[in-house]
Amino acid sequence: MKEQEMEITLSTTLKEKPKEDKLEFGKTFTDHMFIMDYTQGQGWHDPRIVPYQPLKLEPSAMIFHYGQSVFEGLKAYLTEDDEIILFRPEKNFERLNKSNDRLCIPHVDVDFALTALKKLIQVDKEWVPKLEGTSLYIRPFIIATEPYLGVAPAGHYQFIIIMSPVGSYYKEGIHPVKIAVETQFTRAVHGGTGEAKTGGNYASSLKAQEVSEKMGYSQVLWLDGVEKKYVEEVGSMNVFFKIDGEVITPELNGSILSGITRTSIIELLNHWGYQVTERKISMEEVYNAYKSGKLEEAFGTGTAAVISPIGEFLWNDEKMVIQNGETGPLSRKLYDTLTAIQTGKQEDPFNWVTKVSEKVRV
Ligand SMILES: *Cc1c(COP(=O)(O)O)cnc(C)c1O
């Protein structure tokens, strides 16, 4: 599909933009959105940019009943030179296709999706916030739109991209979170959909999240669904431990989401000469390391927070306080470096950053 085939309908009533120091996550959306249809036998067709608006779907649309959907999350940043940049966006569309495979949804063309996204950002370029720490959060997603109550992969889909200006994850600078280790509920098991970015994984995680929040913990650490023994990931983040100088992260085992931040952190650590081991790590091993004073740091990685230092784990009745509940030096260095690369403040030796266009705001 060629770019010139994309129709653009501009909104006639532009919205008032929220104040950049008052941005909340995912509550306000830009003036436009991208949308494209899929029809079995025809493929993806009618790519278009239209004013942000409600969808028109039949109540029988399959998404409402059997949850066939996938999504992505990435951010655009405005550099000090007024250029808009994206961080490894092709990885998001490649992962979208991996999720599509698992959910029986047709692939999208990665290059075309990226072209469409860049066009959409250019149309709404005034929405990329400038204030330190802010960004434009981008949410591509695909839903099954066919009106049919039979249980089967749908024959019609919509691929949509919406965008929302978001504030800094850390209002008062990077600080650690308290995490409850989940010993009752399961997010995903081998052979399930844990590896796919699909709404159902989040629906099944809400209960555990609710229980742990009531106890004063902001997120849960998931263990493997079979033995409840091995560490998997945290909420919407992958997890890393620094034990006795070695950085360890659970290996991708089929039930863990392969985070783009996770991959980037491993590459960055390797670049710095750290040994990073991807392997199974049990909660017992983490606890023993803690008891013997060798658990130096723990942190989560994901697009939203980039790095989220972990100041405390609650595992059954045991509280493990890490780094006196403060941000460890490696977590801070990783956060500072990765955010500086993502915002164009620091040279990007890995070629991770993609420009949307030159000088969009003069
Ligand atoms: C999106 C997501 C992550 C983080 O992935 P990034 O690409 O680093 O943002 C981790 N775990 C889950 C379950 C996720 O949905």
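Only the coordinates and a few stated rules stand behind these numbers; no lab work does. Small disclaimer: the values here were computed from a predicted structure and weren't measured. Methodologically, a virtual Cβ is constructed for each residue, glycine included, from the backbone with ideal geometry; neighbour enumeration extends over all protein chains shown.
Output ³J(HN,Hα) for region 29-46: one whole-Hz value per residue in order, computed from phi by the Karplus curve 6.51 cos²θ - 1.76 cosθ + 1.60 with θ = phi - 60°, and x for Gly and Pro.
My calculation for region 29-46 gives 10, 6, 6, 10, 9, 9, 8, 8, 9, 10, 10, 4, x, 10, x, 6, 8, 6 Hz in order.
So, counting K/R as plus one and D/E as minus one, what does the shell of residues with Cβ under 11 Å around T354 add up to?
Residues close to T354 contribute a combined charge of +1.
Could you derive backbone 3J(HN,Hα) for region 197-208 from the dihedral phi with the Karplus parameters 6.51, -1.76 and 1.60 (θ = phi - 60°), listing whole Hz in sequence and x where the residue is Gly or Pro?
8, 9, x, x, 4, 6, 4, 7, 9, 5, 4, 5
List the residues whose amide H sits under 5 Å from the amide H of E232, counting only those 5 or more places along or on another chain, with H placed 1.01 Å from N in the peptide plane.
When sequence neighbours closer than 5 places are left aside, the close amide H contacts are W222, L223, D224.
Quick one: go through region 205-221 and flag any residue whose amide nitrogen is under 18 Å from the point 7 Å out along the Cα-to-Cβ line of N253.
What the label zone holds, given the 18 Å backbone N cut-off, is 220-221.
Amide H to amide H under 5 Å from H32: which residues, 5+ apart in sequence or cross-chain, H placed 1.01 Å off N in plane?
For H32, the qualifying residues are Y52.
In which sequence would H156, H45 go, from the one with the fewest C-beta neighbours within 10 Å to the one with the most? Please report the intermediate quantities before stating the final value.
Working: H156 17, H45 11.
So the ranking, lowest neighbour count to highest, is H45, H156.
Output ³J(HN,Hα) for region 165-175: one whole-Hz value per residue in order, computed from phi by the Karplus curve 6.51 cos²θ - 1.76 cosθ + 1.60 with θ = phi - 60°, and x for Gly and Pro.
Listing the rounded values in order: x, 10, x, 5, 4, 9, 5, 10, x, 4, 8 Hz.
Quick one: the Cα spread of the chain along its three principal axes, in angstroms, biggest first?
Result for the chain: principal-axis Cα extents of 62, 53, 36 Å.
Between F64 and K228, with labels modelled 7 Å along Cα→Cβ, what's the label distance in nm to one decimal, could you check?
It is 3.7 nm.
If each residue's Cβ is checked for other Cβ atoms within 10 Å, how do T277, T115 rank with the fewest at the top?
T277, T115
Measuring from label point to label point, each 7 Å out along Cα→Cβ, what is the E132 to D21 span in nm?
Calculated label separation equals 1.2 nm.
Please compare each pair in K207/K229; K171/K319; K22/K118; K15/K171 to a cut-off of 28 Å on the Cα-Cα distance and tell me which ones are over it. Before the final figure, lay out each step's value.
Numbers: K207/K229 20 Å; K171/K319 26 Å; K22/K118 26 Å; K15/K171 25 Å.
None, as every Cα separation is 28 Å or less.
Hey, fewest Cβ within 10 Å first, where do L10, L103 land in order?
Exposure proxy ranking, most exposed first: L10, L103.
Got a sec? Which residues in region 196-240 would a label at V189 touch, if it sits 7 Å along Cα→Cβ and we count backbone N under 15 Å?
Residues passing the 15 Å test: 223-230.
Note the full-extension length gain between E267 and D101 as 0.36 nm times their separation in residues minus their Cα-Cα distance, in nm to one decimal.
57.1 nm
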